[in-house]
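A.B. asks: Encoded as structure tokens, here's the structure I'll be asking about.
The values are calculated or read from the model by the stated rules, or taken from the named source; none is laboratory data. As the structure is a computational prediction, the values presented were derived from the model and not from experiment. Cβ: placed from backbone, ideal geometry, glycine included. Neighbour counts: every protein chain shown.
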Amino acid sequence: MKRTALIDRIFKPINEAAIQSALTNEVQIADILEWILSQVGPSEVWQTSFSISEEFLRRLYFITRDGSATAIHLVLDFKATNKTLSLWTFIEQVITSTHLADNHSKVLLVKSVDGTVVTIITSQNLTRGNRNESYIITTDREVFDKFLLEVKDLIKNHSVPLSDILKQKLSQ
């Protein structure tokens, strides 16, 4: 379900506010991602979360299919491994790279082809909850660069690729 009109009541277009926030149950992080991509164009996306749901993956599928996201890199928590493995075939179709780590952060980083950057810090997992969730959206380059450096370090030095975990499970 598209909620662009509702989002426009909660947030200003990103070119009108360098930082904005909300505490609401009226939108989901997938709605916000679609809204941002509609403003910045094709983009590479990094997401960290505790877990992901099939419903959220479906949203990402359509985002990648229409070319809005050129690549999606995902970091989830080890504690959600069984749930994540049950979605593995779907994840492989949608996500460019998926890693598991000791992770409870919920950060969404968007970098458009033209270099526009957006950082979203949220309380919401990549699931549908219908609960009040917090969101901070910023276009500040320093914030984006710091989080991207930290997410890339998490991926490179503190995580395991989901494919490695799947191979281990299959060999048992």
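A.B. asks: Of the numbered conditions (1) small (Gly, Ala, Ser); (2) at pLDDT below 95; (3) under 29 Å from LYS12 (Cβ atoms); (4) more than 13 Å from the chain's Cα centre (by Cα), SER53 fails exactly one; give the number of that condition.
C.D. replies: So SER53 meets the others, but not (4).
A.B. asks: Also, I was wondering about something else. Need pairs with beta-carbon distance below 8 Å; first residue in a helix (DSSP H, G or I) and within the range 141-156, second surrounded by 18 or more Cβ atoms within 10 Å (Cβ to Cβ) and of a type in the set (Lys, Arg); sequence gap 6+ or separate chains.
C.D. replies: Every condition considered, the pairs that remain are PHE144/LYS111; LEU148/LYS111.
A.B. asks: Here's a follow-up. Here is a list: THR84, THR98, THR119, THR89. Which entry is part of a strand (DSSP E or B), of a type in the set (S, T, N, Q), closer than 21 Å to THR64 by Cβ and out of contact with any Pro (no Cβ under 8 Å at 6 or more places or on another chain)?
C.D. replies: Details: THR84 fails: part of a strand (DSSP E or B); THR98 fails: out of contact with any Pro (no Cβ under 8 Å at 6 or more places or on another chain); THR89 fails: part of a strand (DSSP E or B).
Result: THR119 is the single residue among THR84, THR98, THR119, THR89 that is part of a strand (DSSP E or B), of a type in the set (S, T, N, Q), closer than 21 Å to THR64 by Cβ and out of contact with any Pro (no Cβ under 8 Å at 6 or more places or on another chain).
A.B. asks: Further question: Given the condition over 12 Å from the mean Cα position of the chain (by Cα), surrounded by fewer than 17 Cβ atoms within 10 Å (Cβ to Cβ), in contact (Cβ under 8 Å) with a residue 24 or more places away in the chain and closer than 17 Å to SER159 by Cα, answer yes or no: does some residue in the range 28-45 qualify?
C.D. replies: There is no residue in the range 28-45 that is over 12 Å from the mean Cα position of the chain (by Cα), surrounded by fewer than 17 Cβ atoms within 10 Å (Cβ to Cβ), in contact (Cβ under 8 Å) with a residue 24 or more places away in the chain and closer than 17 Å to SER159 by Cα.
A.B. asks: Next question. With the requirement that a residue be in contact with a His (Cβ under 9 Å, 6 or more places away or on another chain) and assigned to a loop (DSSP other than H, G, I, E, B), what does the range 101-116 give you?
C.D. replies: ASP102, ASN103
A.B. asks: Related question: Assuming SER86 fulfils every condition listed in (1) out of contact with any strand residue (DSSP E or B) (no Cβ under 8 Å at 6 or more places or on another chain); (2) under 26 Å from ILE7 (Cβ atoms); (3) among the hydroxyl-bearing types (Ser, Thr, Tyr) apart from one, which condition is it?
C.D. replies: The one condition SER86 does not meet is (2).
A.B. asks: Output the residues belonging to the range 106-140 that are touching a residue at least 60 places away in the same chain (Cβ under 8 Å), in contact with a Lys or Arg (Cβ under 7 Å, 6 or more places away or on another chain) and within 17 Å of TRP35 (Cβ to Cβ).
C.D. replies: Of everything in the range 106-140, those that are touching a residue at least 60 places away in the same chain (Cβ under 8 Å), in contact with a Lys or Arg (Cβ under 7 Å, 6 or more places away or on another chain) and within 17 Å of TRP35 (Cβ to Cβ) turn out to be THR122, GLN124.
A.B. asks: I would also like to ask the following. Of all residues in the range 28-61 being among the acidic types (Asp, Glu) and in a helix (DSSP H, G or I), which is nearest to GLN93 (Cα to Cα)?
C.D. replies: Here the residue is GLU54.
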